[in-house]
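For reference, the structure discussed in these notes is given below.
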Amino acid sequence: MNISKFVTPEIIFGCGSLSQVGESARRLGASKVFVVSDDGVIRAGWVEKALHYLHAVGLKTSVFSALTTNPKDGEVTEGAAHYLAAGCDAIVAVGGGSPTDVAKAVAILVTNGGKTRDYEGINRITRPLPPMVSVPSTAGAGSEVSQFAIILDSERRLKMSIISKSLVPDIAIVDPELLRTKDRHLAAATGVDALTHGIESYVSLASTHLTEIHALKAVELISRYLRRAVADRDDMEANTHMAMASLSAGIAFSNAILGATHAMTHQVDGQLDQHHGESNAALLPHVMEFNLPSCPQRFRQLASALGKDVRGSDPLRGGALAVDAVRELLADIGLDQGLAALGLNEAVIPALSRNALRDACLVTNPREASGADIEAIFRRAL
C-alpha cells in the first residue's frame, strides 16, 4: 500500500491580505504577539502595517529584528530570551525566509528548551509550539508553508536543517504587495530559490502526485514570470504569479523534501554570507546534470514546464533541455556565476562535501551521491 502525508497551513492569499494578520493571530488565541522581522522589512514599512492590524484587534506586541541574512543559532537564543522576557504567547513572522526560520527556531526553544543544535535533523521536537502566523515578503523561501527551519551553526559553520511537521505555521498570509519593495537582485535570488525548490521536489524520491502538481506549476510560473518580475519591480501581475509560484514550491518541497543542491548549498552558506538563492544558482545546473540519468523522463517534463519544446525527443535528450532552460534563465536575470565568484575557496571543498553527505536533504536526492561525486559537482560549479 502506498501511503503518503501532505501537510499545509491555512493559507490566505491575495493583494491586501496583510490586513488579515490581526484577526488571524487573535483566532489562534494570541494575547501578546512576538513579531519577528528584519531591518529591511521594517524600513519598507510592512512591520508598521502589521503592527497596526495586530493592535486594531486588541493584541499587544513585542518586535524582534536582531537577525541576519543567514540567521545564526546565537540570534535564535537571543530571540527566545526576548520572547520569554516579554511574556509573549504567539508568534508572527513578517519577512523572507530568515525571519520565518528564526521565528520557528525561537518557537522550539521557548517550549522545548535546550539549544538549537539539539533539534537538528528530523522529528526531534516533542512539545507543542506556540501559535504561529507567517507573512512572507519575498517570493522564494516558502518557509510560510514548510516544515523546515534552516539555522546556521556558528561553531561548525554550516546550516542545520531542522525538519518537523510541528514547524508548519498555523496560518500563512501571502500578500503579493509586499514583493514590490524588494530590489531586482533580491527578486532574482529568491526566485531562483523557489525554482530550485520546485525542481528538486519534483525529482525527489519522496515526491507524490500531490507534490508533483505543485512543483510543476511552480516551475512553469517561474519560467514565465521571473524575468518580468526582475525587470520591473512594480509589475504586479508578475509579482502575484511569483508569489503563487513560491507558495506552490514551498508546499511541494515541504512534503517531498529536496535534494543534493540544498544539501550542498547549506554548506556553502555556512562559509559565505551571501543570499541562499545565489549559491543555488551556482550549483543547480550541475546537480541537474548529475541527476539527469536517474530520472530522464521527469527532467523531460520539467523541460516542458520551463518552456522547451520536447516533442519527438527521447527522455534523456528532452531532459537535458531542462538544464539548458535553467542556464538561460540564470543568464537572463544576472545570476549565471560560479561559486568562485561568490568567494568560495577550492580548499574547503573536501570539508563541505563531507558535511553535505550528512545533510537530511541528500536522502531524497534521486541519484545516490558519494563524497567523490559531491566534490566533483562542487569543482564543476566553481
*Order the following by accessible area, largest value first: L357, L362. Probe radius 1.4 Å; ligands, DNA and RNA are ignored.*
L357, L362
*So how strong a dipole does the range 252-382 carry about its Cα centre when Lys and Arg Cβ are +1 and Asp and Glu Cβ are -1, to the nearest 20 debye?*
400 debye
_Normalised contact order of the chain, rounded percent, pairs of Cα under 8 Å and 6 or more residues apart_ = 16 percent
*Rounded to the nearest 10 degrees, what's the angle between the helix 209-231 long axis and the longest principal axis of the chain, both from Cα atoms, 0 to 90?*
90 degrees
*Under the definition of Cα pairs under 8 Å and six or more residues apart, what whole-number percent is the relative contact order of the range 110-261?*
28 percent
*asked:* Need one number: % antiparallel among DSSP beta bridges in the chain, to the nearest 5.
replied: 20 percent
*Can you put H214, H266 in order of accessible area, largest first, using a 1.4 Å probe?*
H214, H266
*How large is the accessible surface per residue of the chain, computed with a 1.4 Å probe and reported in Å² as a whole number?*
38 Å²
*Find me the longest stretch of the chain that has none of the exposed GluC sites (Glu not before Pro), where exposed means in a DSSP loop (not H, G, I, E or B) with at most 14 other Cβ atoms within 10 Å.*
156-367
*K32: which lysines have alpha carbons under 16 Å from its alpha carbon, excluding same-chain residues fewer than 8 sequence positions away?*
K60
*Pull out a ≥ b ≥ c, the square roots of the eigenvalues of the alpha-carbon gyration tensor of the chain, then state rounded if a/c is under 1.5, prolate if not and a/b is larger than b/c, and oblate in the remaining case.*
prolate
*Shape category assigned to the range 35-115 from the gyration tensor of Cα positions, a/c cut at 1.5*: oblate
*Describe numerically, in nm with one decimal, the distance between label points set 7 Å from Cα along Cα→Cβ at A81 and at R43.*
2.7 nm
*Give me the distance between the Cα centres of the range 291-317 and the range 137-157, rounded to whole Å.*
30 Å
*Could you give the dipole magnitude of the range 1-65 about its Cα centre, charging the beta-carbon of Lys and Arg +1 and that of Asp and Glu -1, in debye to the nearest 20?*
200 debye
*Which listed residue (A44, N2, I12) has the Cα farthest towards the positive end of the charge dipole for the range 1-57, taking +1 on Lys and Arg C-beta and -1 on Asp and Glu C-beta about the Cα centre?*
N2
*Which trypsin sites (Lys or Arg not before Pro) in the range 281-370 pass both tests, a DSSP loop state and at most 15 other beta-carbon atoms within 10 Å?*
R311, R358
_Accessible area of D175 in the full protein assembly, 1.4 Å probe (Å², nearest 10)_ = 10 Å²
*asked:* Using the Cα centre of the range 316-368 as origin and beta-carbon charges of +1 (Lys, Arg) and -1 (Asp, Glu), tell me which of G338, A322, C361 is placed farthest towards the positive end of the dipole.
replied: C361
*Relative to the longest principal Cα axis of the chain, at what angle does helix 73-86 sit, 0 to 90 degrees, rounded to 10?*
20 degrees
_With unit charges on the beta carbons (Lys and Arg positive, Asp and Glu negative) and the dipole taken about the Cα centre of the range 127-200, which residue among V133, A194, L152 sits farthest to the positive side?_
L152
*Among the listed pairs K49/K182; K159/K308; K5/K308; K115/K182; K217/K308, those beyond 24 Å (Cα-Cα)*: K159/K308; K5/K308; K115/K182
*Relative contact order for the range 1-160 using alpha-carbon pairs under 8 Å, separation at least 6, rounded to a whole percent?*
25 percent
*What number, rounded to the nearest 500 deg cm²/dmol, is the helix-based mean residue ellipticity at 222 nm of the chain, given -39500 (n - 2.57) per DSSP H run of at least four residues and division by all its residues?*
-16500 deg cm²/dmol
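The values are calculated or read from the model by the stated rules, or taken from the named source; none is laboratory data. Computed from a predicted structure; not experimentally measured. We place every Cβ from the backbone using ideal geometry, glycine too, and count neighbours over all the protein chains shown. Areas reflect the complete protein model, heavy atoms only, side chains present, ligands, DNA and RNA absent. Shrake-Rupley method; radii C 1.70, N 1.55, O 1.52, S 1.80 Å.
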